[in-house]
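The values are calculated or read from the model by the stated rules, or taken from the named source; none is laboratory data. As the structure is a computational prediction, the values presented were derived from the model and not from experiment. All Cβ positions, even for glycine, are placed from backbone atoms using ideal geometry, and neighbour counts span all protein chains on display. Ligands, DNA and RNA are stripped out before the accessible areas are found, and what is left, the full protein with its side chains, is counted by its heavy atoms. Shrake-Rupley method; radii C 1.70, N 1.55, O 1.52, S 1.80 Å.
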Amino acid sequence: MHALYLHGFGSGPLTAKGVALGRRLAGALTTYAIPDLEGGDFFNLTMPGILARVAAAVRAVPDDGRPIVLIGSSLGGYVAAQCAAQSAAMEVSKRIGALLLIAPAFGFTSRWAERQGSAGVAAWQRDGSLPFYHFAAERELPLGVGFYQSCLALPELPAQSPVPVVIVHGRQDETVDHRHSLAYATQRDHVELHLIDGDHRLTEPRHEELIAWCAGDQLKRLATAATI
């Protein structure tokens, strides 16, 4: 089996959560990768660019007939769900076998405007960029307004996924309201939701164990389905 981990906003391939999960799953996977969704260019980040990099990462996985579990954290979780929802258009539908979404950033499209306020959005559009804390760089970096503009037409909740989806979300998430994940799960088929005590980071040992268990369970299900 194969797995791709999609990091969150302002993160990168060295994300601690993604690297740790890869170690836990090493014995069950043929390949595991964390693509750079920013392409080394945070300033010019756009959602179409992110989706194109995910499609390229999927195509780069050896096509040996084994499906890919697409794992996404925060914004990466939204991206994973959006990729699956429009997978036919991205020509990767036959490769993705399941999704694991960790505190997916559902509803982020409207939350951007809420957090910045009308004055903040106006300043972003006027100046062409706005500083955001970048966790990988450990400092603020400017982000072009093209990112905001590229998100305006996105749905709050991605459409139905053609593959099974497992979500792990903390009830005390201060960044993404867990009720968005609840809405996504109740309005769509083949979605398993784990609401747990925890914040947006979900980095406690018990959180990491649950996430790894969910990933391993998906891999086992895919392996069983392949033998039937």
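Please work out if Phe147 is aromatic (Phe, Trp, Tyr) and either open to solvent by less than 30 Å² (accessible area, probe 1.4 Å) or in contact with a Lys or Arg (Cβ under 7 Å, 6 or more places away or on another chain) (or both). When the stated conditions are applied, Phe147 passes them. Summed over the stretch 7-23, the residues that are open to solvent by less than 50 Å² (accessible area, probe 1.4 Å) and aliphatic (A, V, I, L, M) give a count of 3. Scanning the stretch 24-60 for residues that are within 21 Å of Leu99 (Cβ to Cβ), open to solvent by 50 Å² or more (accessible area, probe 1.4 Å) and in a helix (DSSP H, G or I) yields Arg24, Ala26, Ala28, Pro48, Ala52, Arg53, Arg59, Ala60. Determine whether Pro142 is of a type outside the set (Ser, Thr, Tyr), assigned to a strand (DSSP E or B), open to solvent by 60 Å² or more (accessible area, probe 1.4 Å) and touching a Ser or Thr at 6+ places or on another chain (Cβ under 6 Å). Here the answer is yes, as Pro142 does meet what is asked. Would you say Ser161 is of a type outside the set (D, E, K, R) and at pLDDT below 95? Against the criterion (of a type outside the set (D, E, K, R) and at pLDDT below 95), Ser161 qualifies. Quickly run through the stretch 10-28 and pick out the residues that are more than 19 Å from Val54 (Cα to Cα) and not charged (D, E, K, R). Of everything in the stretch 10-28, those that are more than 19 Å from Val54 (Cα to Cα) and not charged (D, E, K, R) turn out to be Ala16, Ala20, Leu25, Ala26, Gly27, Ala28.
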